[in-house]
Amino acid sequence: MTPSFPITQTSIFQLKDGISLADTTSKIASPAVKAFIQLKETVKAQKGFIRQYWGHQVENSQLFVWYIDWESPEHHENFTESEGYSAYTTSLGEIFYFEKAQPLTIYTKWSSDATAALNAPVTEIAFLTLPNGSPEEAKTATEEALGHVMTNVQAVGKAWGASIGWVSKTTPSDHKAAAEGHHIALHGVFGYASIDDHMRWREAPEHAKALETMEELATKLRLDSADIYGTDMFHVAFYHPKS
């Protein structure tokens, strides 16, 4: 039997016009917020659920990002095959567009713990793509090249946490986030005290060196940035439930 491992389900939605989920704790909640509260409670009640984070994208508040940690892919699959899942997806469709802006869901196995990055006041999120059929050596080369970068992000860039992970699946598989012949392969999260702190890191000499490393890697392995609804990087100030 193949050993199970924790995964993170990342869903990126476009909110329907006029809907905001910026405050999901108010006692006076809109119908959309009440619907989302029910959705996240449904997820929380599932066997294998670990934790969840959610928030609007800073650069485009119409985009909503929801991270759910599961004990294993099997636990998530069991949820999708459960009797209540159809009603769950129907409720999602009351809050988010499904045809006007196709949602993107990405499943990630982290190479290191991503909790600190996601618990930071603001989190930078980026995805990279590789050509379909890339050999396993491409992953190894990427991890080795990014090792020093990850160290500097925290030591020099003062990130609260940083993690990368390999993407095991995207839904839908043909989402336009990846160029033709490529697939979303790598997921990175970097937590900061503020966006200003992130911008200061981008001005550091060590960041310029990191860019050189990434450019060399891109040339060698045909590594590219994913296009997530018009941007290759964005920030989210996640809400962190206490329980």
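The values are calculated or read from the model by the stated rules, or taken from the named source; none is laboratory data. This one's a predicted model, so the numbers in the text were calculated from it and none came from an experiment. Cβ atoms come from the backbone with ideal geometry, glycine included; neighbour counts cover every protein chain shown. When the accessible area is computed, the model is the full protein with side chains, heavy atoms only, and any ligands, DNA or RNA have been set aside. Shrake-Rupley method; radii C 1.70, N 1.55, O 1.52, S 1.80 Å.
Worth a mention:
- Charge tally around Asp69: other residues with Cβ under 12 Å, Lys/Arg +1 each, Asp/Glu -1 each, net +1.
- Label-point separation, Ala155 to Glu212 (7 Å along Cα→Cβ), nm: 1.7
- In terms of distances greater than 28 angstrom between alpha carbons, the cross-link table entries Lys169/Lys209; Lys109/Lys176; Lys100/Lys158 yield Lys169/Lys209; Lys100/Lys158.
- In sequence order, calculated HN-Hα J values of segment 227-234 (Karplus, 6.51, -1.76, 1.60; Hz; x Gly/Pro): 9, 9, 6, x, 9, 9, 7, 8
- The modelled label-to-label distance between Asp227 and Asp23, using points 7 Å beyond Cα along the C-beta direction, is 3.7 nm.
- Of the solvent-accessible surface of the chain, computed with a 1.4 Å probe and all protein chains present, 51% belongs to carbon and sulfur.
- The slack between His148 and His240, meaning 0.36 nm per residue of separation minus the straight C-alpha distance, is 30.2 nm.
- Principal semi-axes of the equivalent ellipsoid, √(5λ) from the alpha carbon gyration tensor of segment 60-155, are 30, 18, 16 Å from largest down.
- For segment 135-243, the list of trypsin sites (Lys or Arg not before Pro) that fall in a loop by DSSP and count at most 10 other C-beta atoms within 10 angstrom reads Lys242.
- A cut-off of 5 Å between modelled amide H atoms, ignoring neighbours fewer than 5 places along the same chain, links Ala185 with Leu128, Thr129, Leu130.
- Distance-filtered residues of segment 108-137 - backbone nitrogen under 14 Å, label point 7 angstrom along Ala179 Cα→Cβ: 128-132
- Helix runs (DSSP H) in the chain reaching 18 Å along axis by Cα, Kyte-Doolittle at least -0.5: 31-44, 136-155
- Shape analysis of segment 116-203 places it in the prolate category; the axes a ≥ b ≥ c from the Cα gyration tensor give an a/c of at least 1.5, with a/b above b/c.
- Counted without the sites themselves, the longest stretch of the chain free of GluC sites (Glu not before Pro) in a DSSP loop having at most 16 other beta carbon atoms within 10 Å is 100-179.
- Calculation over all alpha carbon pairs of segment 1-101 in 5 angstrom steps from 0 returns a P(r) of 2, 12, 21, 24, 19, 13, 6, 2, 1, 0 percent.
- Within a Gaussian network of the chain (alpha carbon springs, distance under 10 Å), most fluctuating of Asp17, Asp197, Asp113: Asp17
- Over the chain, relative contact order from alpha-carbon pairs under 8 Å, at least 6 apart, %: 26
- Karplus-derived 3J(HN,Hα), 6.51/-1.76/1.60, for each residue of segment 130-135, Hz, glycine and proline x: 10, x, 4, x, 4, x
- Amide H partners (placed H, <5 Å) of Ser168, local residues excluded: Tyr107, Thr108, Lys109
- Across segment 106-154, the volume of the C-alpha convex hull divided among the residues equals 103 Å³ per residue.
- Dipole in debye (nearest 20) - segment 146-243, about Cα centre, beta carbon charges: Lys, Arg +1; Asp, Glu -1: 360
- Helices in the chain, meaning DSSP H runs of at least 4 residues, each add -39500 (n - 2.57). Divided by all residues, the mean residue ellipticity at 222 nm is -10500 deg cm²/dmol.
- Considering only alpha-carbon pairs that sit under 8 angstrom and 6 or more positions apart, the relative contact order computed for segment 113-243 is 45 percent.
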